[in-house]
1. Tell me, which residue of segment 345-367 that is part of a helix (DSSP H, G or I) and among the aliphatic types (A, V, I, L, M) is surrounded by the fewest Cβ atoms within 10 Å (Cβ to Cβ)?
2. Among the candidates Asn228, Asn122, single out the residue that is modelled with pLDDT of 95 or more, touching a Ser or Thr at 6+ places or on another chain (Cβ under 7 Å) and not in a helix (DSSP H, G or I).
3. Of the conditions (1) open to solvent by 20 Å² or more (accessible area, probe 1.4 Å); (2) among the hydroxyl-bearing types (Ser, Thr, Tyr); (3) touching a residue at least 24 places away in the same chain (Cβ under 8 Å), Thr126 satisfies every one except a single condition; which number is it?
4. List every residue pair whose Cβ atoms lie under 9 Å apart, where the two residues are 6 or more positions apart in sequence or sit on different chains, the first residue falls within segment 386-399 and is charged (D, E, K, R), and the second residue, located anywhere, is not in a loop (DSSP other than H, G, I, E, B).
5. Provide a single number: the residues in segment 21-63 that are under 14 Å from the mean Cα position of the chain (by Cα), open to solvent by 10 Å² or more (accessible area, probe 1.4 Å) and of a type in the set (D, E, K, R).
6. What is the one condition in (1) part of a loop (DSSP other than H, G, I, E, B); (2) of a type in the set (D, E, K, R); (3) at pLDDT below 95 that Glu318 does not satisfy?
7. Select from segment 125-140 the residues that are in a strand (DSSP E or B) and polar (S, T, N, Q) and write down the one among them that is farthest from the chain's Cα centre (by Cα).
8. From the list Asn167, Asn157, Asn196, which residue is farther than 29 Å from Asn68 by Cβ and either open to solvent by less than 30 Å² (accessible area, probe 1.4 Å) or assigned to a loop (DSSP other than H, G, I, E, B) (or both)?
Amino acid sequence: MKFLLLLSLVGFCWAQYDPHTQYGRTSIVHLFEWRWVDIAKECERYLGPKGFGGVQVSPPNENAVINNPSRPWWERYQPISYKICTRSGNENEFRDMVTRCNNVGVRIYVDAVINHMCGSGNPAGTSSTCGSYYNPNNRDFPAVPYSGWDFNDGKCNGEINNYNDANQVRNCRLSGLLDLALDKDYVRTTIANYMNNLIDIGVAGFRLDAAKHMWPGDIKAVLDKLHNLNTKWFSQGSRPFIFQEVIDLGGEAIKSSEYFGNGRVTEFKFGAKLGTVIRKWNGEKMAYLKNWGEDLSIIHQDVNDWIGPPNNNGAIKEVTINADTTCGNGWVCEHRWRQIRNMVAFRNVVNGQPFSNWWDNGSNQVAFGRGNKGFIVFNNDDWSLSAKLQTGLPAGTYCDVISGDKSNGSCTGIKVQVSGDGTAQFSISNSAEDPFIAIHAESKL
């Protein structure tokens, strides 16, 4: 649940195939636990100008304040109420962020925690981000309000012990979190009202946390209650984009067909700086660098186990920008790395182009193109790559956007010469920091 991630918008979800990004923008970055005021600034100064399509934000609703361990990332996944009131900011700051990001073409996607409330072991009191009272032991959340009638205790008064049992997975408590009775219309309506408030503010969609822990019919019932998107930024009748957290822990009873066909967006971890997954669009072949997952849908980096964001006594620190455009004040902004931002641009350029010119060495050296707009080569073997490959691109000199930038008609990195027949010679050392090369139509010198 704690990640900075880029989402390539190729996954489709329930009844909603349109992520509503502006034309030509195809990637979303997850600014996990950023303050709303900093996200607004980043939309205007970087994400908009660099062609990012959107931001996934941390859960904006009031949550329990956890002090042991001290203010961990996962406290954001322990709801107390649906007030927009967290350590990322208040409702006015959230509204301002959504408006400013939308105005520069960057959409906002909310991480929606609707499966559960806080952990059953939390003490009663007002230790919450907005000071609301709650008593988990009595199932009392008056700021919503929820009571004992609104939880699944009657179906399962305990933890998930068997992940092969769908009833347990969906009715019992995940890590002690009080499981909401989403089969009840009051609960469905309450959740929908929270999400509709966010839609009316101007968000473009939602990531459904713990989606596999909810019955698909219950999810659909909630989504059926949602408003159309705000017509200030979206076309009339647009429906919110929905993507779901569905992580298989191995041998589980949950089947992908139960999550609305091929509408599942799957999260996976990577360890390398650019542990990027590349999947052939028709699904016939898959190549990978370092680690891989089921879909080219999300890439993210798992930084730590418990530590929350850079903070002063629980107050999130401002995201400052250094002279070299990296982030300071304890923040690491992967989306500002040259390799990441340039591959966001690569994807924007090749979007909609057919898969073409696949090549591999039978091992972990692979390459492929996207029509006549882009070509990429990977070397994940323990030996160097040297090959003459068909790129499908027009003749000319191209700047490799992984090793450098196109600037003032020149290239700060490797130059690739494409011949009149579309071929080019590629050489990639296995010891290179970034053992791949990417060129595209707009990187032509």
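The values are calculated or read from the model by the stated rules, or taken from the named source; none is laboratory data. Nothing here was measured: the structure is a model prediction, and the numbers come from that model. Here the Cβ positions follow ideal geometry from the backbone for every residue, glycine too, while neighbour counts run over all protein chains shown. Surface accessibility is based on the protein's heavy atoms, side chains included, excluding ligands, DNA and RNA. Shrake-Rupley method; radii C 1.70, N 1.55, O 1.52, S 1.80 Å.
1. Val349
2. So the residue among Asn228, Asn122 that is modelled with pLDDT of 95 or more, touching a Ser or Thr at 6+ places or on another chain (Cβ under 7 Å) and not in a helix (DSSP H, G or I) is Asn228.
3. Unmet condition: (3).
4. Qualifying pairs under 9 Å: Lys388/Thr423; Lys388/Ala424; Lys388/Gln425; Lys388/Phe426.
5. So the count comes out to 0.
6. (3)
7. Going through segment 125-140, the residues in a strand (DSSP E or B) turn out to be 125, 128, 134-135, 140.
When the remaining residues are screened for being polar (S, T, N, Q), the result is 128, 135.
Values: Ser128: 26, Asn135: 32 Å.
So the residue we want is Asn135.
8. The conditions single out Asn196.
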